[in-house]
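Here's the structure, in structure tokens; my notes come after.
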Amino acid sequence: DFCSKWPEERRVRANDREYNEKFQYASNCIMTSKYNIITFLPVNLFEQFQEVANTYFLFLLILQLIPQISSLSWFTTIVPLALVLSITAVKDATDDYFRHKSDNQVNNRQSQVLIRGSLQNEKWMNVRVGDIIKLENKQFVAADLLLLSSTEPHGLCYIETAELDGETNMKVRQSVSVTSELGDPNNLASFDGEVVCEPPNNKLDRFCGTLYWRDKKYPLTNQNMLLRGCVLRNTEACYGLVIFAGPDTKLMQNSGRTKFKRTSIDRLMNTLVLWIFGFLVCMGVILAVGNAVWEREVGSRFQSYLPWDPPVDNFLFSAFLSFWSYVIILNTVVPISLYVSVEVIRLGHSYFINWDQKMFCSQCNTAAEARTTTLNEELGQVEYIFSDKTGTLTQNIMSFNKCSINGQPYDNGSTGKSAKGERIDFSPFNPLADPDFCFYDDKLLESVKVGDAHSQEFFRLLSLCHTVMSEEKSEGELVYKAQSPDEGALVTAARNFGFVFRSRTPGTITTTEMGRTVTYSLLAILDFNNIRKRMSVIVRSPEGRIRLYCKGADTVLLERLHHCNQELTAVTSDHLNEYAADGLRTLALAYRDLSEDEWESWSESHSVADKATDCREDRLAAVYEQIEQDMMLLGATAIEDKLQEGVPETIAVLSLANIKIWVLTGDKQETAVNIGYSCKMLTDDMTEVFIIGGHTVQSVRQELRSACSSSYPQVSTKMMQQEWKKGSREAEGKQEGKFALVINGHSLAHALEADMESEFVSTACACKAVICCRVTPLQKAQVVELIKKHKKAVTLAIGDGANDISMIKSAHIGVGISGQEGIQAVLASDYSFSQFRFLQRLLLVHGRWSYLRMCRFLCYFFYKNFAFTMVHFWFGFFCGFSAQTVYDQYFITLYNIVYTSLPVLAMGIFDQDVPDQRSLEYPKLYEPGQLNLLFNKREFFICIAQGIYSSVVLFFVPYAILSDATQSTGVPLADYQTFAVTTATALVIVVSVQIALDTGFWTVFNHVFVWGSLASYFTIMFALNSQILFRIFPNQFHFVGSAQSTLLQPVVWLTIALATAICIVPVLAFRFLKLDLKPQLSDTVRYTQLVRQKRRNVSEGRLGARGGSRRSGYAFAHQEGFGELITSGKNMRLSSLALATFASRHSSSWIDTLRRKKATLTNTPPSTSGECSPAPSCLSGSVPPLSNSSSVLGVSQDTPIEEETIAAPAPNTQPLRVSFTQSPPSAAGAPEAAEPQGSAQAAAAAAALTPAAARPHGEDSPGGWTLSLGTVQVSGVKTLLMMTMQSGFTFCRTFHH
């Protein structure tokens, strides 16, 4: 059925290149780069001129080359345009160079190819479809191969598929039986079989084909294939036939294309440039019409002595040329220097990321790296994070952490040796112990030593019930080859506690028990699968006793126990619940003694089921179920799948910042869910965790609708879909409770179909956490694209393996973890570092700062250029619309390059509103970027309105004053040069004062650039107006002596001062009122910081407690089929490769408090004091923790919050009383009733920010200070409040009560 789905087919004949070349199959050379030497220039220029601004400036350059309409020199445009194009081209070329370098590294790897009967070394790029290649242990698979034979028995080989699906546990592949004996190159050279199979596709778990050889045909499945990207493990060598090569391999089919990424600000700027160009055309039309009217009514009178310049012969043609002249003059509303400055600022932000010592991993000696410079500000706008699991959230290292034996718990200690004493040294007790095994609870070892029957039987089970293979390199040096890291950890634990698994045959298991060698007869293995969730072995001891040992999920094993285990089951269930609550992976252990008759009877039933030709799996499952009953409970194990350092804290902080985190993993459901609990994405207090596991379209749709209706009981599914399609955020506020969604890969395939994707998005986005299991690399990319399409939100993908590349490329921002799975993800990423925990600093500090700086930069840049350019527009009405410029042409050239460029660059590179520690403490500060509040169309219009207002003042105030002013000698000042110098000087001073107001964080560079630029203006102006330059270039410098004579006049300085005051005072007043009446959250945080400098001792917030609901912690990364493989004896010959043993680490603490979702985009009611808390302290240890009652996070961006609110008495309002009272630690610091006259909101907000456990200095009392607000007037109190403005200035108010 599967094969019938493929309309085409591929034919491959072994050892016949001539035959295979007829089909023109792809070579094994891969290419992820975008350019080559020939295509770079045209393709890159084409991409750059897709930017509207670049096309706009090219058009202006062409206009400036026409002398009849150009008032400015052409070099003023071509030089900066060429500079921008060159900088971008060099950056793109550098990025592509590294892609070429990576491609060459892969393409030039060596592989042994069978050519004309002998093995020859060939580069990977020269391997062709139909070649037979030899792979050796630890080598990467060069192409998609059909396994022909191996050095292991029965054509078996072991592979690791981490680069494909992220799983590091070994998988087994087996060759077709007819080719498994062709192990000799001579035999393989004569092999001429032909494979007919499906065409290239991206399905990693499916392959359908047929091998035709010697007039017979043999079916081929995925179990016969070795895919490119896999690594050969525990196998000396194998041979394979190349079926798919290069871009046709499944790895490359799952790798997305390299996309040109642009930020939302870039896209907005393209739109704004079009609007500005339309505005420019409108101004040009107005002035051209004015020119036509003026030339007809007034200009015609001067034709006798002031004729039109050729080829102008009438007023209409004069107006036409005037239009284009004004387009050139007014083009500085969007100067090319804007784009140069943007690139410089982004480059500076990238270096800050690279230089951040707090994102440097000393263990790996790896620093964070910004691999692109174009996406920095978008790091401050992320709403969705898509994360891989293995290697990204986890280390994929299992450690035996806790256990329960016969109701007695043994705890390895959550804080290491401080909890349980020194680490146990097993070597005196057991010379075969693994030296890397780490355990601290010596009570367990003592229990084994004294001969406790339950403890010894517990570890005997662990040493027998598994599918691990053992290799003894030398006497006592054991190496375990485990199919999953879970089993390796359990068998290693048994080894250290005296029950050492030594070796096995198809019918026996040999162990060393307390120093005594014991060989058990292996009667049967009841294999593991995902439905049974357990595995069992039946063994006969040397004494002849037959016993069944079983381990599996507590949910299935506990219900199969004998009824006499009820009391022990209750105690063990409590322990299992505790282990699951700690995020550990749990298994329950049990046994059953069998009589000889019971064994004989069951063995016959098993033999019949095993030989069945139909429904064999179901028959075997029924037989297994029959014997796995009435078992006796031994205990439970708890294994820690080690998370990377700081993962739970990072996820908690990012959740507080209103960032949704989705885990997309190729791992199985149980494992992924368990990790979800470990890293606190899933919590026991969640209302419901939806499991979507349907195999058909109808079942998946029904499960999604059921989940959606549970999330929104008062809203119909259809209405919800309509709201999500509109991109409404209000939908997030209509859910009742906290939910999570877990969906499997086969269900996701249906959910991603066009007619169901909206239902999937609406259900998933209603959930606090989403986990997608068993997904292919392509499905990861499809999920990212789905959110980009429906939510219009900024997405970030983070992973560490080649299976994450397509997801990383699809997201707006791709982050690569430089981990154990190579550097493929890093090479495809935009940013890289070595630990997941660095993500919070990348987003909440660097991302937020970059967004803030870029927005402030753009607002100021548009303001200063409209203030500069619009003066020409007003001057046009007073110069006969002749396209005469107000300023000297050198001032026009230098204004954006020298006079105003460096101050705004300093602000764009160094500015910050709050320190990095506060950004991490208050993740709510991140929200303005997500909502795009700091630079949008509204903010743009406010900026240009302010610029137009300033231009009106800068033109008309000097015009009105100077028109009637005179020098002290009586000479009038109403001349062109005096007016030009006065207006230009006032303009430079006004924009310099404005940048000083806009700068929130002053550095040495800011001071030097702001005041240095102002000084450079006067220096250059006096130089350009000097006699020296005029004598050298009399035709170029027309303003000789103007600066000196103008600036000596007191009336000119009064004019400049008046214009500056009229421009700046309204802005200053508006900001004072806004800060007083409607402060932003960043203003409030800065204020609280000043208050805390006076009261340092703020008690640490306590960690949230977990719920106590019952949940299974079962997760077992095991595969079906290994039991049958062992009992068949096919894999009994051992190889020499050791598996790494696993070190132990203890669970990290976490903050269990998460911010409630924002109900609506606007009008959010302020949260209560207990609703939200500052984020957990920064993982680097540099950020002091805050009290858990400080509720800035729960308050709207526009809500005023003050720690000590002392308001001046307003009309009809009673003054506030501020008092501090000592409260016991159990009492909540709730605010008293607020004022009846309208200040309830202020009181609630003030109480919200109050630390509930701020101890007095030097006092260790458990009590704390809480702030109470009353209505009794405080007399004789004089309070000075210092509050830092967003502009960087400081003001104070004094209140007398």
Taking only the range 841-867 into account, find how many residues are in contact with a His (Cβ under 9 Å, 6 or more places away or on another chain) and either open to solvent by less than 10 Å² (accessible area, probe 1.4 Å) or within 24 Å of SER992 (Cβ to Cβ) (or both).
4
Please enumerate the residues belonging to the range 669-682 that are open to solvent by 10 Å² or more (accessible area, probe 1.4 Å) and either assigned to a loop (DSSP other than H, G, I, E, B) or within 26 Å of ASP205 (Cβ to Cβ) (or both).
GLN669, GLU670, VAL673, LYS680
Subset of the range 896-925 (residues that are open to solvent by less than 10 Å² (accessible area, probe 1.4 Å), hydrophobic (A, V, I, L, M, F, W, C) and within 24 Å of the chain's Cα centre (by Cα))
VAL914, LEU920, LEU925
Among the listed residues SER762, SER699, SER728, SER758, which satisfies the condition of being touching a helix residue (DSSP H, G or I) at 6+ places or on another chain (Cβ under 9 Å) and at pLDDT below 85?
SER728
Consider only pairs whose beta carbons are under 7 Å apart and that are at least six residues apart or on different chains; among these, list those whose first residue lies in the range 647-669 and is under 27 Å from THR776 (Cβ atoms) and whose second residue is among the charged types (D, E, K, R) and part of a strand (DSSP E or B).
ILE659/GLU383; LYS660/GLU383
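Every residue, every condition in (1) surrounded by fewer than 23 Cβ atoms within 10 Å (Cβ to Cβ); (2) touching a His at 6+ places or on another chain (Cβ under 8 Å); (3) charged (D, E, K, R), yes or no:
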position	(1), (2), (3)
ASP442	yes, no, yes
LEU445	yes, no, no
VAL450	yes, no, no
CYS465	no, no, no
VAL468	yes, no, no
TYR480	yes, no, no
ALA489	no, no, no
ASN496	no, no, no
Among the residues that make up the range 622-631, is at least one of them in contact with a Leu (Cβ under 7 Å, 6 or more places away or on another chain) and either assigned to a strand (DSSP E or B) or over 22 Å from ASN530 (Cα atoms) (or both)?
yes
Might you check whether a residue that is touching a residue at least 60 places away in the same chain (Cβ under 8 Å), outside any loop (DSSP other than H, G, I, E, B), closer than 24 Å to LYS402 by Cα and touching a Leu at 6+ places or on another chain (Cβ under 7 Å) occurs anywhere in the range 464-477?
no
Take the residues in the range 970-981 that are without any contact (Cβ under 8 Å) to a residue 12 or more places away in the chain and in a loop (DSSP other than H, G, I, E, B); name whichever of them is surrounded by the most Cβ atoms within 10 Å (Cβ to Cβ).
ASP975
May I ask you to list pairs of residues, at least six apart or on different chains, whose Cβ atoms are under 6 Å apart, with the first in the range 75-102 being surrounded by fewer than 16 Cβ atoms within 10 Å (Cβ to Cβ) and at pLDDT 80 or above and the second being part of a helix (DSSP H, G or I) and of a type outside the set (Asp, Glu)?
none
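Yes or no, residue by residue, for (1) over 30 Å from ASP641 (Cβ atoms); (2) without any contact (Cβ under 8 Å) to a residue 60 or more places away in the chain; (3) out of contact with any helix residue (DSSP H, G or I) (no Cβ under 9 Å at 6 or more places or on another chain); (4) part of a strand (DSSP E or B):
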residue: ALA580; (1), (2), (3), (4): no, no, no, no
residue: LEU587; (1), (2), (3), (4): no, no, no, yes
residue: ARG592; (1), (2), (3), (4): no, yes, no, yes
residue: ASP597; (1), (2), (3), (4): yes, yes, yes, no
residue: TRP602; (1), (2), (3), (4): yes, yes, no, no
residue: HIS606; (1), (2), (3), (4): yes, no, no, no
residue: ASP614; (1), (2), (3), (4): yes, yes, yes, no
residue: ARG619; (1), (2), (3), (4): yes, yes, no, no
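Table: residues versus (1) under 52 Å from the mean Cα position of the chain (by Cα); (2) open to solvent by 50 Å² or more (accessible area, probe 1.4 Å).
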| residue | (1), (2) |
| --- | --- |
| ASN936 | yes, no |
| VAL952 | yes, yes |
| SER968 | no, yes |
| ALA996 | yes, no |
What strands (runs of 3 or more DSSP E), lying completely within the range 480-572, carry at least 2 residues that are closer than 23 Å to THR671 by Cα and among the acidic types (Asp, Glu)?
none
Scanning the range 367-417 residue by residue, the ones that are hydroxyl-bearing (Ser, Thr, Tyr), touching a strand residue (DSSP E or B) at 6+ places or on another chain (Cβ under 7 Å) and open to solvent by 10 Å² or more (accessible area, probe 1.4 Å) total 1
Inspect all residues belonging to the range 1030-1038 and state whether any of them is under 58 Å from the mean Cα position of the chain (by Cα), closer than 30 Å to LEU934 by Cβ and not charged (D, E, K, R).
no
Assuming ASP685 fulfils every condition listed in (1) assigned to a loop (DSSP other than H, G, I, E, B); (2) in contact with a strand residue (DSSP E or B) (Cβ under 9 Å, 6 or more places away or on another chain); (3) open to solvent by 20 Å² or more (accessible area, probe 1.4 Å) apart from one, which condition is it?
(2)
Kindly indicate whether ILE639 is open to solvent by 30 Å² or more (accessible area, probe 1.4 Å), closer than 30 Å to THR572 by Cβ, among the aliphatic types (A, V, I, L, M) and at pLDDT 85 or above.
no
Apart from one, (1) of a type outside the set (Ser, Thr, Tyr); (2) open to solvent by 50 Å² or more (accessible area, probe 1.4 Å); (3) closer than 17 Å to VAL231 by Cα all hold for ARG128; the odd one out is (3)
For the range 780-814, enumerate the residues that are assigned to a helix (DSSP H, G or I), open to solvent by less than 20 Å² (accessible area, probe 1.4 Å) and closer than 23 Å to GLU753 by Cβ.
LYS780, ALA781, VAL783, VAL784, LEU786, ILE787, ASN803, SER806, MET807, SER810
Result of the Cβ filter at 6 Å on the range 775-798, keeping first residues that are closer than 16 Å to GLY814 by Cβ and basic (Lys, Arg) and partners that are part of a strand (DSSP E or B) and modelled with pLDDT of 90 or more, at least 6 apart or interchain, is LYS780/LEU664; LYS788/THR795
Of these, VAL770, VAL775, which one is in a loop (DSSP other than H, G, I, E, B) and under 20 Å from GLY391 (Cα atoms)?
VAL775
Quick count over the range 293-332, residues being touching a Phe, Trp or Tyr at 6+ places or on another chain (Cβ under 6 Å) and either surrounded by fewer than 21 Cβ atoms within 10 Å (Cβ to Cβ) or not in a helix (DSSP H, G or I) (or both), is 1
Among the residues of the range 1026-1038, is any touching a Ser or Thr at 6+ places or on another chain (Cβ under 8 Å) and either surrounded by 13 or more Cβ atoms within 10 Å (Cβ to Cβ) or farther than 26 Å from VAL981 by Cβ (or both)?
no
Of the conditions (1) assigned to a helix (DSSP H, G or I); (2) at pLDDT below 85; (3) open to solvent by less than 30 Å² (accessible area, probe 1.4 Å), the single one that ILE69 does not satisfy is (1)
Looking at THR885, THR893, can you tell me which residue is touching a His at 6+ places or on another chain (Cβ under 8 Å) and open to solvent by 10 Å² or more (accessible area, probe 1.4 Å)?
THR885
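The values are calculated or read from the model by the stated rules, or taken from the named source; none is laboratory data. Computed from a predicted model, the values in this text were never measured in an experiment. Neighbour counts run over all protein chains shown; Cβ positions are idealised from the backbone, glycine included. Heavy atoms of the whole protein, side chains included, go into the accessibility calculation; ligands, DNA and RNA do not. Shrake-Rupley method; radii C 1.70, N 1.55, O 1.52, S 1.80 Å.
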